[in-house]
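This report refers to the structure that appears directly beneath it.
Any read-out appearing in this document is the output of simple, stated calculations on the displayed coordinates, not a laboratory observation. Predicted, not measured: the structure shown is a model, and the values here were computed from it. Because the Cβ atoms are built from the backbone with ideal geometry, glycine has one as well, and the counts that use them run over all protein chains shown.
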Amino acid sequence: VPVELALYQPDIAQNTGTLLRLGACLGIVVHVIHPTGFAFSKRELKRGGLDYLDLAELVEHDSYAHFDHWRRDSARRLVLLTTKSSDSAYAARYGDNDILMLGRESAGVPADVAASADLSVRIPMRPGLRSINVAVAAALILGEAMRQTDAFARLT
Ligand SMILES: C[S@@+](CC[C@H](N)C(=O)[O-])C[C@H]1O[C@@H](n2cnc3c(N)ncnc32)[C@H](O)[C@@H]1O
């Protein structure tokens, strides 16, 4: 299975819509782990997702426990993007069956969720700065993972 994205309890509809649009364009499944911090409706998502929403492959999970159960059952490796890791996301090797998980805009992911990931990576940044926008962070590493797994070859 090609690399997929997972959004942990996202708070900002426009970012989720932007990532659904990216998923639609690149043929990447996007998992949304509920609860979201906004009303999860087409109307809310449309500002970022425009008319791409209907073309996105969206999988919703009621809770993190449900998502984690499903991904272990289907033998997916969970790669967490977090500012708290000391391992560079550009030193990692990505493979098919990886799911790249992004934290929520306000608070990232709780410690127990972080501990359940198979790998945690960080996009290097200048010292003293807090974080990159979630959709931009996702795009940076999704691009790297797709490059490594030759996933762009199936697109035109
Ligand atoms: C706005 S940031 C969250 C910041 C949050 N206050 C925290 O402490 O984690 C939203 C998400 O974008 C991703 N992100 C942002 N900058 C990142 C970086 N430099 N490296 C890896 N992931 C990053 C992470 O998944 C993060 O949970």
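The table below lists the values:
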quantity: Sites Ala153 and Ser106 - FRET efficiency at Förster radius 35 Å, r taken between beta-carbons, to 0.05; calculated: 0.40
quantity: Cα-based shape type of segment 58-105, given that a ≥ b ≥ c are square roots of the gyration tensor eigenvalues and the cut on a/c is 1.5; calculated: oblate
quantity: Distance (nanometres) between label positions extended 7 Å along Cα→Cβ at Arg47 and Asp96; calculated: 3.9 nm
quantity: Computed [θ] at 222 nm, helices only, for the chain once each DSSP H run of length n ≥ 4 contributes -39500 (n - 2.57); calculated: -10000 deg cm²/dmol
quantity: Fraction of antiparallel bridges per DSSP, the chain only, in percent to nearest 5; calculated: 5 percent
quantity: Cα gyration tensor, segment 1-61 - rounded (a/c under 1.5), prolate or oblate; calculated: oblate
quantity: Mean projected area in nm² (Cα convex hull; one quarter of hull surface) for the chain; calculated: 8.9 nm²
quantity: Global form of segment 89-156, assessed from the alpha-carbon gyration tensor, a/c cut-off 1.5; calculated: prolate
quantity: Viscosity 1.567 mPa s, 4 °C: Kirkwood-radius Stokes-Einstein D of segment 31-94 over Cα pairs, µm²/s; calculated: 90 µm²/s
quantity: Vicinal HN-Hα couplings computed from phi for segment 55-62 (Karplus, 6.51 cos²θ - 1.76 cosθ + 1.60; Hz; Gly/Pro x); calculated: 9, 8, 9, 9, 10, 9, 10, 4
